[in-house]
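Bear in mind these aren't lab numbers, they're just calculated from the coordinates by the rules spelled out. Bear in mind that the values here come from a model prediction, so they are computed numbers and not experimental data. No Cβ is skipped: glycine too gets one built from the backbone with ideal geometry, and neighbour counts run over all protein chains shown.
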Amino acid sequence: MTTKHVAVILSGCGVYDGTEIHESVITLLRLDQRGAKVQCFAPDIAQLHVINHLTGEEMPESRNVLVESARIARGEVKDIREAKVEDFDALIVPGGFGAAKNLSSFASEGTACNVQADVLALAEAFAEAGKPIGLMCISPAIAAKIYGPGVTCTIGNDPDTAAAVEKMGATHQECEVSEMVEDKARKLVSTPAYMLAQSISEAASGINKMVDRVLELTQKA
């Protein structure tokens, strides 16, 4: 089997203002276990804000999404503007509020949100090339922005978030934490992860299935 190359988009470091660390580490671990080569990317932009993860309160400082993402990637992260779709077989975007605050404006603008331009351009390029994309936790909220109306995805079963996803044009499918939802026509695979998970093992149960399926879909490209 030829080695698969997967791009992973990070959105900072920490569930409340960046990438969900457990989700990203589980994803990177599973990809490595399956023999995939990974390159992490992040936009070189300021975070929406910085949250004290001990108290949940906003802090009076500024941090950079690319610099913070380097914490998770052990320094091995590149500016997303360097990412070329032809270099990769698949794309995966872990969740965390960074997906809704830094990669998009979903947290603040809801259904009227925009996706960060470089993130959107890369994701659209994967979609147009028919290459599989994996989204988890809150990141499926941007699925309709990538694929347009009618795309099927899941954020689990939160009624308000599901309603917002549907209002943006996607079809939301309820899903258990240990399962995934696949839009076969679009090669989009999504899983709830910490939208539902009560433990790191629960998060891993669905993420591992999603990663495995994304890699399977690269065989059919």
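Just a few scattered comments:
- Residue within region 131-143 that is closer than 16 Å to residue 95 by Cα and surrounded by fewer than 24 Cβ atoms within 10 Å (Cβ to Cβ) present: no
- Of all the listed residues (190, 139, 199, 205), the sole one being small (Gly, Ala, Ser), at negative phi and without any contact (Cβ under 8 Å) to a residue 12 or more places away in the chain is 199.
- Counted residues, region 67-85 - those being under 12 Å from residue 9 (Cβ atoms) and crowded, with 19+ Cβ neighbours inside 10 Å: 6
- Within region 108-123, the set of residues being surrounded by fewer than 17 Cβ atoms within 10 Å (Cβ to Cβ) and within 14 Å of the chain's Cα centre (by Cα) comprises 120 only.
- Residue 183 being closer than 29 Å to residue 81 by Cβ and of a type in the set (Asp, Glu): yes
- Filter result for the condition that a residue is touching a residue at least 40 places away in the same chain (Cβ under 8 Å), surrounded by fewer than 23 Cβ atoms within 10 Å (Cβ to Cβ) and in a loop (DSSP other than H, G, I, E, B), over 56, 12, 18: 56
- Filtered residues of region 165-221 (kept if within 14 Å of the chain's Cα centre (by Cα), over 25 Å from residue 35 (Cβ atoms) and of a type in the set (S, T, N, Q)): none
- Extreme residue, surrounded by the fewest Cβ atoms within 10 Å (Cβ to Cβ), among residues of region 153-198 that are of a type in the set (Val, Ile, Thr) and closer than 18 Å to residue 90 by Cα: 181
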